[in-house]
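A short write-up of the structure that comes next.
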Amino acid sequence: MSGEGKKQHLRDEETLKYLAKRLKELRVAAGMSQQRLANEAGIEQSLIGNIETAKGNPTVSVLAVIAKTLGVPLYELFKFEE
């Protein structure tokens, strides 16, 4: 991997870590378990778990459904400090 490609990959990993933390914060604030969020969003609980552990790279459409289920605008998932 080239130097620039490696730097981009590291930024992507950091973004996923920040997203993981933010999703968990919003889910807990909403008083929801991973299972309840998944059920109400119509997605698999394992997908929520993978996002919250930065193992998954969700699509925008999945994030939009999660945000709607949490009752927040999509951009709230991306309100994190770098």
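Could you grab me the full set of residues in the range 61-73 that are open to solvent by 50 Å² or more (accessible area, probe 1.4 Å) and either free of Cβ contacts under 8 Å to residues at least 12 places away in the same chain or of a type in the set (D, E, K, R) (or both)? Step through it out loud before you land on a result.
Step one: filter the range 61-73 for residues open to solvent by 50 Å² or more (accessible area, probe 1.4 Å), giving 61, 65, 68, 71, 73.
Matches in the range 61-73: Ser61, Lys68, Pro73.
Listed here are the residues, each with its yes/no results for (1) in contact (Cβ under 8 Å) with a residue 12 or more places away in the chain; (2) within 22 Å of Tyr75 (Cβ to Cβ); (3) open to solvent by less than 40 Å² (accessible area, probe 1.4 Å).
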| residue | (1), (2), (3) |
| --- | --- |
| Leu16 | yes, yes, yes |
| Leu26 | yes, yes, yes |
| Ser33 | no, no, no |
| Leu37 | yes, yes, yes |
| Gly42 | yes, yes, no |
| Ile48 | yes, yes, yes |
| Ile51 | yes, yes, yes |
| Ala54 | yes, yes, yes |
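If only one of Val62, Val72 is modelled with pLDDT of 95 or more and part of a loop (DSSP other than H, G, I, E, B), which one is it?
On the way: Val62 fails: part of a loop (DSSP other than H, G, I, E, B).
Sole residue among the options that is modelled with pLDDT of 95 or more and part of a loop (DSSP other than H, G, I, E, B): Val72.
The values are calculated or read from the model by the stated rules, or taken from the named source; none is laboratory data. Bear in mind the structure is a predicted one, so any value in this text is a computation, not a measurement. Note: ideal-geometry Cβ built from the backbone for every residue, glycine included; neighbour counts use all protein chains shown. The area values use the complete protein model at the heavy-atom level, side chains included, leaving out ligands, DNA and RNA. Shrake-Rupley method; radii C 1.70, N 1.55, O 1.52, S 1.80 Å.
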